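The values are calculated or read from the model by the stated rules, or taken from the named source; none is laboratory data. These numbers come from a predicted model, not from an experiment. Note: ideal-geometry Cβ built from the backbone for every residue, glycine included; neighbour counts use all protein chains shown. Keep in mind that these areas ignore ligands, DNA and RNA; they rest on the heavy atoms of the full protein, side chains included. Shrake-Rupley method; radii C 1.70, N 1.55, O 1.52, S 1.80 Å.
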Amino acid sequence: MTQDAQQLPGMISGGEPSATKKFDYTVIVWVVLLILLIILVANPIFQLFKESFFVSEDEAGGFTFQNYIDAFETDEYYKPMYITMMLAISVGSISLVVGAVMAWVVSRTDIPFPNLIRNGILASFVTPPFLGAIAWIFLAGQNEGWLNKWIRGLFGLSDEFYLFDIFTMKGVIFAMSLYTFPLVFIVVLAGLNNISSDVEDAANVAGGGTFHTMFSITLPLVAPSLFAGFILAALEAMILFGIPAVLAIPAGQHTMTTQLRAFMVSEDDLLGLASAYAMPMLILAVGMVWTRGIVLGRRGYATVGGKGGQRRPQKLGVWRIPIFVLCMIPLVCAIVLPAMALLTTSFMKNLGGGLVWSNLTLWNYHFILTNDAVRESIYNTIMLAIMAATGATIVAAISAFIAQRKLIRGHEYIGFMATAPIGIPGIVLAVGLFAAYTKQPFVLYGTLWIMFLAYLTKYLPLAYQTSNAGLTSIHPELEESCRIMGANRLQVFKDVTVPLFKTAVIASWILVFMPSLRELSASVLLWTTNTKVISVVIVDFYEETLLGPISALGVLLLLITLVAIAVGFRLVGRDFMRSAG
Amino acid sequence: MLKGIIAGLLAVVLLSAPAFAADDATMRAAKKEGKVTWYSSITLNIAQHICNNFNKKKMGVQCVLHRDGSGKLYRRYLQERKGGIYVADVVHTSNLGHFLNLKAKKIITPYKPAGTDNFNEKFVTKDNYWTILRAGVLMPFYNTKKIKAEDAPKTYKDFLDPKWKGKIVHSHPSYSGFVTNGMINIVNKFGWDYYKAMAKQKPKIVQSAAGGIPLVARGESWLGAGTTSYSLLKLIEKGEPLKPIVPPAGLALVTSPNGVFTKAPNPNAARVFTDYLFSMETMQLLADYFLYVGNPDVKYPKALPALKDINLMAIGGAELKKKNKPTRKMFKKLFGV
C-alpha cells in the first residue's frame with residue numbers, strides 16, 4: 001500500500017486542473033442506475049405481478065383472480081409448497097451442522113491438512129449441483145448404484161437389499177446438502193476468524209475442555225454467522241431447480257421450482273398461473289434475506305470486529321485422525337465420487353454392460369462433439385459468462401465506488417439497489433423476465449440478451465459485495481491527496497483507485513464468471529433454439545435420459561470450470577474464492 | 001414484409017409443381033435463405049443424424065435442429081408466435097391433435113412433399129397440411145439380466161403385480177406425444193382404473209418416451225411401461241440387455257406428422273428440407289432406425305416385425321385432440337408430477 005502511495009504523484013502527472021464549475025454528475029448517475037434497476041428488477045417483477053391477475057391465453061384474456069385460486073386451492077399445487085418448506089428446513093439444518101462443525105475444525109483445531117479441507121469445500125461449491133445429482137444416480141441408485149452393489153458384495157447380501165435410494169426425498173435432501181453446506185462453511189469460517197482465541201484460552205485456563213469451550217464460548221459468539229449460514233443454505237435449497245428436477249420428479253414429487261417450470265412448459269398457456277405460483281416464493285425469499293440482514297446488521301458483540309489477537313489451535317488429541325476422516329466424507333461425496341462416476345460412465349458403450357474393457361468407447365464424446373446444439377451451447381455458455389461477468393463487475397465496481405466514496409447525494413441507497421435482486425430466486429426472476437420481454441415492444445426473448453439480463457441481475461449482488469469489500473481496504477486519503485494535487489474525479493478513479501482496486505475487480509469477475517458457466521434455474525425458462533447453454537442441454541438430455549452423453553458433457557463442463565479456477569488462482573492468488581462469503 | 005409476400009406467392013406457385021426437378025427456383029430462394037429450423041420430437045440422435053446428412057449435401061441450406069418433447073415444442077411455438085417471434089420453419093411431433101389445432105388456426109400451411117405419390121395412403125393426407133414422417137408403436141419392455149423371460153409380464157395387467165412395485169419406469173404424457181397417444185389407447189381398453197393401479201406401483205417418472213430405456217438398461221429399473229419401439233429395438237441391436245413385451249391386447253400405433261409453418265421465416269428452405277425428409281435417403285435411414293415409413297420401397301431391418309403382423313390399437317387425431325388435456329391432467333393427479 002505504501003509503495004503504491006509513493007508512486008502516486010508520477011501516476012497523475014498528466015492530469016490537468018479541473019474546470020471551475022462543473023455539471024452535476026449526480027443526476028446522470030441516478031438516471032442510469034434507475035433505468036438499470038427498472039429494466040432488471042422493477043419491470044420483470046411488475047409484469048410478473050400483472051400477469052398473475054390476467055387470464056393467460058394465446059389470445060389476450062381479461063382480469064381475474066382465478067390464477068391465485070388455481071395455484072393455492074388444489075392439493076397437487078399445494079403439496080410442492082409443503083415439500084419445498086420441508087426441504088429448506090432439513091437442508092438448512094444439515095448444512096448448518098456440517099458446515100459449522102467443519103468451519104470450527106478448520107479454524108480452531110490442530111486438524112491435519114486444514115487447507116486441503118478448505119479448498120476442497122470451495123471446490124464442491126463450484127461443482128454444478130444438477131451434475132452432482134445425476135452422478136449420484138450412478139452411485140446410489142437403489143438397484144445398480146455402486147455403493148449399494150459394493151455393500152451387497154461386501155456382506156454377501158441379495159440383489160433385493162439396498163442401503164441407499166437416491167430417488168427419494170431423503171436422496172434429494174442429501175444431494176442438496178452436499179452443495180449447500182459450503183455456504184454455511186464460508187460464512188461461519190469468516191465469523192470464527194474474527195474472534196480472538198483469548199476468550200477461548202480464558203475458558204481453557206478456567207478448566208473447560210476443547211468441546212466444552214466450543215459449546216459455551218465459541219458457539220454463542222458466532223451465533224449471527226450461524227444464523228446467516230442457515231438462512232443462506234435454506235434459501236438455496238428452496239430455489240434450487242436442478243437437483244429436484246433430476247431426483248424428485250422421477251419419484252413423483254414436485255418442488256415449487258420444478259412445478260413452476262412445469263407450468264411454463266405446459267402445452268396450455270399457464271403464464272398467469274405460474275406468476276401467481278411464484279408469488280409466495282418471492283415473498284419468502286425476500287423475507288429470508290431481510291431477516292438475515294437484520295440479524296447480521298446487529299453489532300452487539302463487542303469481541304467481534306476487526307481481526308482479533310492470536311489464534312491458538314485447540315488440541316483434538318486422539319480424535320485428530322477420526323475427525324479428519326469425518327471431514328473428508330462430505331468432500332468425497334460432493335466431488336471425488338461424482339467426478340469418478342461421470343468419468344467412467346462417459347466412456348461406457350452399453351449402460352447395461354458394466355465396467356469392462358470391451359464396453360469402453362469414445363462414442364459419447366463423439367456424440368456430444370458432433371451435436372450442433374452442444375457445440376453452440378459451449379459457445380453461448382462461455383459468451384454469456386463473459387458478458388455477465390463483465391457487465392456485473394462494471395456496474396458493481398462503479399456503484400460500490402460511488403457508495404463508498406459518498407460521491408453523490410443519496411449514495412446510501414445505491415448499495416441497497418445493487419443488492420436488491422439478492423432475494424429474487426433465479427427461476428422467479430426468469431418468469432418475470434419472460435413476462436416482461438416476450439411481448440412487444442421489448443422482445444428480447446430468443447436472444448442472448450434476455451439471458452444476459454437474468455445473469456446480470458442474479459449475480460450483481462455478489463459482484464457488488466466483492467467490490468465493496470475490496471474498496472473498504474483502500475484508504476480514501478490516497479484519492480483525496482490526488483484531488484488536492486489537481487486531478488479530477490475520473491483521473492483519480494483511473495490512476496489511483498483502479499490500480500489498487502484491480503484485485504477485487506478481477507475476483508468479482510471470476511466469482512460471477514464461474515456460476516454463470518453453470519447457471520440453470522433462470523436459463524431453463526429463457527433459452528431458445530439459438531441460445532442454448534450447456535446446463536440446459538444437460539437437462540434436455542436428462543429428459544431423454546441420455547446418461548452416457550450427459551456424463552461426457554458433465555466432464556467437459558467440469559474441465560471448463562477447472563480451467564477458470566486455475567486462471568483465477570494465477571491472476572488473484574488462491575484466496576480469491578474466499579471473498580464469496 | 002414484401003419479402004414475405006413474395007416468398008408466399010412463390011410458395012403458392014410452387015405448390016402446384018409436382019417433382020423435385022421442377023424446384024430450381026425454390027432451391028435458389030432456399031439458398032438465399034441459407035437455413036431451415038426444424039422443431040422435431042424424434043429422438044435426438046436420429047434428428048441430429050438427419051440434419052447432419054442434410055448438411056453434408058452442401059445445398060447451401062443449414063439445418064438447425066430444435067429437439068424437444070411434442071408438448072413443449074407446441075407451447076414454445078405458440079409462445080414465440082404470441083411475441084411475434086418466428087423461428088421455426090418445419091414442425092414434426094407425435095401429437096396429431098396439435099396438428100389439428102395448428103391447421104384450424106392456419107398456423108401450418110399445406111405442402112405436399114416431393115416423391116410421396118406412391119406412399120402408403122395412411123401416411124399421406126388429402127389436404128396436405130401434414131404428411132406422416134414415421135410411425136412406431138409404444139412398447140413395454142424389460143431388462144433380461146434382472147428378469148427371466150418366463151417371469152416377465154406378458155400382458156398390461158401383469159405390470160400391476162405387487163412384485164414389480166418400485167421397479168417400473170413410466171414416461172410423462174405432458175412431455176411425450178407418443179406416451180399421450182399410447183395412454184389414451186390403453187385407457188380405452190382398460191379404463192382409468194389401470195393407471196390408478198399403476199400409480200400404486202410407484203413407477204419412476206421420466207420425461208421422454210425413450211427416457212425409460214437407459215434406466216432399465218442400467219438395471220436401475222427392471223421394467224418399462226412403454227417406450228418408442230424404434231429406440232428400443234435399435235438399442236437391443238446395439239447389445240443392451242433389453243427385450244420387448246408384446247401384450248395380446250395389442251400395441252398402440254403412433255403416427256407422427258410433419259408440416260410446414262405458414263409464417264416460416266425460411267419458406268423455401270422449409271420446402272426443400274421437407275422434400276429431403278421424405279426422400280428415399282431419409283426414409284431408408286428411418287427404416288434402419290426401426291421406424292415404419294410411408295415409402296413402400298424401403299428395406300426394414302429383420303428384427304422389426306411388419307406392421308400387419310402386430311395387433312395394433314389406434315386412435316384418430318380428433319380423439320387425441322379431445323382427450324389430450326384430460327389425460328395429462330389425470331396423470332398429474334395420479335402420479336404427482
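Points to keep in mind about this one:
- 1 or more residues closer than 30 Å to A:GLY410 by Cβ: qualifying helices (runs of 4 or more DSSP H) within the stretch A:23-88: A:26-37, A:43-51
- Among the residues of the stretch B:192-235, those identified as over 20 Å from the mean Cα position of the chain (by Cα) and of a type in the set (A, V, I, L, M) are B:ALA197, B:MET198, B:ALA199, B:LEU215, B:VAL216, B:ALA217, B:LEU223.
- Residues of the stretch A:422-453 that turn out to be among the small types (Gly, Ala, Ser) and away from chain B (no Cβ under 13 Å), as a count: 4
- Residue match in the stretch A:195-208 (condition: open to solvent by less than 10 Å² (accessible area, probe 1.4 Å) and either among the hydrophobic types (A, V, I, L, M, F, W, C) or closer than 29 Å to A:ALA339 by Cβ (or both)): yes
- Within the stretch B:58-98, the set of residues being within 13 Å of chain A (Cβ to nearest Cβ), in contact with a strand residue (DSSP E or B) (Cβ under 8 Å, 6 or more places away or on another chain) and not in a loop (DSSP other than H, G, I, E, B) comprises B:GLN62, B:CYS63, B:VAL64, B:LEU65, B:HIS66, B:ARG67, B:LEU73, B:ARG76, B:TYR77, B:VAL90, B:VAL91.
- Scanning the stretch A:151-191 for residues that are away from chain B (no Cβ under 14 Å) and within 14 Å of A:TRP136 (Cβ to Cβ) turns up A:LEU163, A:LYS170, A:ILE173, A:PHE174, A:ALA175, A:MET176, A:SER177, A:LEU178, A:TYR179.
- Within the stretch B:43-56, if we keep just the residues that are more than 10 Å from every other protein chain (Cβ to nearest Cβ) and touching a residue at least 40 places away in the same chain (Cβ under 8 Å), the residue that is surrounded by the most Cβ atoms within 10 Å (Cβ to Cβ) turns out to be B:ILE50.
- The residues of the stretch B:99-130 that are open to solvent by 50 Å² or more (accessible area, probe 1.4 Å) and within 12 Å of another protein chain (Cβ to nearest Cβ) amount to a single one, B:LYS105.
- No other residue among A:PHE138, A:PHE155 is over 24 Å from A:PHE324 (Cβ atoms) and buried (at least 20 other Cβ atoms within 10 Å of the Cβ) apart from A:PHE138.
- Filter pass, B:LEU138 being touching a Gly at 6+ places or on another chain (Cβ under 8 Å), within 30 Å of A:ASN530 (Cβ to Cβ) and open to solvent by 10 Å² or more (accessible area, probe 1.4 Å): no
- You will find that of B:ALA225, B:ALA199, B:ALA249, B:ALA209, the residue that is under 22 Å from B:THR327 (Cα atoms), surrounded by fewer than 23 Cβ atoms within 10 Å (Cβ to Cβ) and within 14 Å of another protein chain (Cβ to nearest Cβ) is B:ALA199 and no other.
- Residues located in the stretch A:351-373, provided they are within 14 Å of another protein chain (Cβ to nearest Cβ), without any contact (Cβ under 8 Å) to a residue 60 or more places away in the chain and surrounded by fewer than 20 Cβ atoms within 10 Å (Cβ to Cβ): A:GLY353, A:GLY354, A:LEU355, A:VAL356, A:SER358, A:ASN359, A:LEU360, A:THR361, A:HIS366, A:LEU369, A:THR370, A:ASP372
- Residue within the stretch A:444-453 that is over 17 Å from the mean Cα position of the chain (by Cα), closer than 26 Å to A:ARG570 by Cα and not in a helix (DSSP H, G or I) present: no
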